[in-house]
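Heads up, the thing below is written out as structure tokens.
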Amino acid sequence: MKRTILFICLMLAFVRTGQAQSLTIEYNIGHGTYQMSDMKDILKNQMLPVTNALVTDEFPGYVTQDTRVGIEWRRHHAGALFNYMNTAGKKGVTDYSGSCNYELRNKGYKLGAFYRFRLVKEEISIFTFEPYVQLSTGVVLNRVHESNRLFVESDPAAGYEEEDRFSGKNFFVEPAFGIKFGLCRHVALNVNIAYEWDAVKQKHSSGHTEFPSDFKVDWSGYRAQAGLIFYLNLKK
């Protein structure tokens with residue numbers, strides 16, 4: 001967090017010196033896949049007091065949302081980012097007699113910085129075509145909600161509900177390749193593909209499994225997204 005704030009301060013200082021050509025604000029929406037190997041093992045090995053429990057969700061890929069603020073000068077583009085991710089794993093069974101479910105629900109909030117380098121700029125009529133390479137890095141703030149529930153229709157008092165919440169941090173590195181399509185002076189369409197690698201992952205301990213288990217939240221996986229970049233030109 002402190003590094004991100006320092007980067008933003010440096011970015012603002014760069015603007016004040018007159019080196020920046022444009023201030024940019026962008027929003028991207030996309031899809032991400034997530035490794036979550038430790039949590040998949042916990043889900044698979046979780047013992048429930050029923051014989052027909054099945055894994056119904058195994059941390060599938062889901063929608064990601066990404067916001068970035070940056071400065072652009074010549075072939076360079078750098079700034080700060082905020083990204084939101086979520087996924088869940090669930091094992092259990094529900095029928096006329098009641099339900100028994102064990103669930104792990106994960107949310108990740110990415111804070112960090114990015115740098116882009118434009119490879120080439122081609123003009124096609126009033127539009128521009130700008131492929132680039134990008135590197136993003138920072139922290140992922142993890143929020144995990146663990147729940148274990150049993151409900152018996154004929155005897156509600158025999159049921160139970162256990163919950164726990166975990167918080168932690170990961171450090172990520174995310175290289176990407178993308179293309180910006182300039183639609184006009186102030187707006188560009190942005191598309192890219194990337195791979196996030198969570199290089200450092202904080203360990204958590206679960207007490208609601210059959211045997212206490214340590215696990216790490218691993219958001220590593222492929223990313224694809226598209227969005228719009230809005231330019232505030234600082235130089236004419």
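The values are calculated or read from the model by the stated rules, or taken from the named source; none is laboratory data. Please read these numbers as outputs of a predicted model, since none were measured by experiment. Counting neighbours? That spans all protein chains shown, and the Cβs are built from the backbone with ideal geometry, glycine included. All accessible areas refer to the heavy atoms of the entire protein, side chains included, with ligands and DNA or RNA removed. Shrake-Rupley method; radii C 1.70, N 1.55, O 1.52, S 1.80 Å.
Here is how the numbers come out for the structure above:
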item: Accessible area in the full protein assembly, largest first, 1.4 Å probe, for Trp73, Trp219, Trp197; result: Trp197, Trp73, Trp219
item: Rg/Rh ratio calculated on Cα atoms of the stretch 66-106 (Kirkwood radius); result: 1.50
item: Point-to-point label distance, Asn45-Cys184, nm (Cα→Cβ direction, 7 Å offset); result: 5.9 nm
item: Chain lengthening between Tyr115 and Tyr96 when straightened (0.36 nm per residue, less Cα-Cα); result: 1.4 nm
item: Label-to-label distance, nm, for residues given as Ile29 and Asp57 (7 Å Cα→Cβ offset); result: 1.9 nm
item: Structure-based [θ]222 nm, the chain - -39500 (n - 2.57) summed over DSSP H runs of at least 4, per residue, nearest 500; result: -3000 deg cm²/dmol
item: Derived scalar couplings ³J(HN,Hα) [the stretch 214-219; Karplus, 6.51 cos²θ - 1.76 cosθ + 1.60; whole Hz; x for Gly, Pro]; result: 8, 8, 10, 8, 10, 8
item: Label-point separation, Ala226 to Ile126 (7 Å along Cα→Cβ), nm; result: 2.2 nm
item: Accessible solvent surface per residue of the chain, calculated while the other protein chains remain in place, 1.4 angstrom probe, Å²; result: 54 Å²
item: Rounded D (µm²/s) - the stretch 107-232, Kirkwood Rh over Cα pairs, Stokes-Einstein at 25 °C, 0.890 mPa s; result: 136 µm²/s
item: Two-decimal Rg/Rh across the chain, once Rg and the Kirkwood Rh are taken from alpha-carbon atoms; result: 1.12
item: Solvent-accessible area, 1.4 Å probe, carbon plus sulfur percent, for the stretch 24-129; result: 57 percent
